[in-house]
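These notes are about the structure you will find just below.
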């Protein structure tokens, strides 16, 4: 990643830090205190994280290829290429890839600082993941709604087992309830599932 001390970054196509996390591929494009931008590729039938909130940052999803299923406040939507969704971190939400092909999208988090979280997941550093989750207020609010669950598939090995090679899945994150505060949600270019 080419960065400069003047507060900007310039990347050529294909540049960025590559991470494999929870079965997904992330290419970190921007990692600054004010913004985190990653090109995120979710594999086919990726179940995604559980329904959650994280008041410490907001997310924007911009779909490049494939289809991304997003649930915000219990309302499911299908995002196709070109669609954009903004979700306040205070609002319960989740996403998944329901299709048989990868879904590629830009994930933008504001403010930044989430690169360490994804690095922690990629290397199986549960302490780092927990520290970042605590800092941003990441909390699971319930199981995913039935309409958002992926079809039954081979179960992933649990973190710490030989087969997992130290990777941590979304489900191993903090499991506690939270009362989410009302907040704005803007979703454009999507259709109901």
Checklist outcome for this item: Least to most buried among 25, 96, by other C-beta atoms within 10 Å and fewest first, runs 25, 96
Item to check | Relative contact order (%) - criterion: Cα under 8 Å, at least six apart; region: segment 1-126 | outcome: 30
Item to check | Cα convex hull of segment 36-137, projected area averaged across orientations, nm² | outcome: 5.8
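Taken together, the values in this text are just the output of simple stated rules run on the coordinates, not laboratory data. Please read these numbers as outputs of a predicted model, since none were measured by experiment. Neighbour counts run over all protein chains shown; Cβ positions are idealised from the backbone, glycine included.
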